[in-house]
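Only one structure is covered here, and it is reproduced in the block below.
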Amino acid sequence: MTVKTKIWVLLGMALASIMGVSFLDPIAQPLSYHDYADQRAWMGIAHFGNTMSNLPFLVLGLMGLVGLRTDPRKAPRLAWFVFFLGITLTAFGSAYYHLNPNNQTLVWDRIPMAVAFAALFAIVVMRHLSQRVGLILLGPLLLAGVLSVFYWQHTELLGRGDLRPYLLVQFLPLVLIPMILAFFPVTHYSARNLLIALAFYLLAKVFELADAWFYALAKFSGGHAIKHLIAATAIGFLWRMWAEDRSAS
């Protein structure tokens with residue numbers, strides 16, 4: 001396929017996904033989502049496991065922000081700054097949510113995650129397609145991510161919650177990123193760390209779904225806290241990707 005054809009395939013996949021989701025009925029947030037298996041408090045901290053397992057996000061986010069001071073690249077540095085800032089804020093937002101899980105506190109968990117998802121997609125576009133295009137996309141992607149969360153919150157307040165835009169923001173990149181890597185491989189960058197990070201993220205989602213099952217099996221933790229640790233491992237591989245990219249520049 002020509003470059004133009006590949007780009008049209010990517011745009012077609014994105015458009016088909018958006019149209020497909022739009023045909024679905026609105027998806028409300030089940031209140032049972034907030035009923036995590038591990039309800040234990042410790043040292044005065046409610047839901048200790050789910051709350052404190054966010055610490056690795058804080059460490060990795062700050063590591064990235066500090067490391068960016070020595071990154072000479074302008075456009076990638078901006079996108080990586082937004083990404084690591086999103087990860088840092090996720091640590092606070094997710095901890096805040098898990099202290100008192102409900103739809104209102106969940107907003108502050110999801111906004112920084114949406115920021116990180118948007119920045120990561122822009123980074124991949126910069127690496128494999130065009131720095132200029134990735135930089136142009138960064139702003140609209142961030143806006144779409146944040147608005148998807150506020151849209152969900154607004155619809156919940158109206159009594160007809162709709163998660164569809166937020167689900168697109170979270171999962172569409174998981175479809176498009178592997179396609180971009182396959183269509184536009186680059187010899188001076190390794191895709192290894194990015195692919196490993198995606199694999200760990202998918203594994204984290206499995207543990208999230210298996211929260212109660214894992215707690216019943218292991219007792220020391222629910223699956224959700226393990227999900228945080230596995231997702232942080234994914235961030236660690238993305239940090240490694242940034243470090244290798246910076247060294248190669």
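Tabulated data
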| read-out | value |
| --- | --- |
| Local electrostatic count at Ala204 - Lys and Arg +1, Asp and Glu -1, tallied over other residues with Cβ under 14 Å | 0 |
| Net +/- balance of residues flanking Pro72 in space, Cβ distance below 12 Å, scoring K and R +1, D and E -1 | +3 |
| Pairs of Cα atoms farther than 27 Å apart, the chain, % | 37 percent |
| Within straight-line cross-link reach of Lys219, lysines at Cα separation under 19 Å, skipping those fewer than 8 residues along the same chain | Lys227 |
| Degrees between helix 131-157 axis and first principal axis of the chain (Cα, 0 to 90, nearest 10) | 20 degrees |
| Lys/Arg +1, Asp/Glu -1 at C-beta; the chain dipole; positive extreme among Leu181, Leu158, Gln170 | Leu181 |
| Relative contact order for the chain, counting Cα pairs under 8 Å that sit 6 or more residues apart, in percent | 22 percent |
| Which of Arg132, Arg127, Arg164 has the fewest Cβ neighbours within 10 Å, and the rest in rising order | Arg132, Arg164, Arg127 |
| Calculated SAXS-style log₁₀ I(q)/I(0) at q = 0.10, 0.16, 0.20 Å⁻¹ - segment 43-190, Debye, Cα scatterers | -0.39, -0.92, -1.23 |
| Highest-MSF residue in the chain out of Gln153, Gln39, Gln131 [GNM, Cα springs under 10 Å] | Gln39 |
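Read-outs: derived from the displayed coordinates by stated rules, not from any lab. Here the structure is a predicted model, which is why all the values come from computation and not from measurement. Cβ sites come from the backbone with ideal geometry, for glycine too, and all protein chains shown count toward neighbours.
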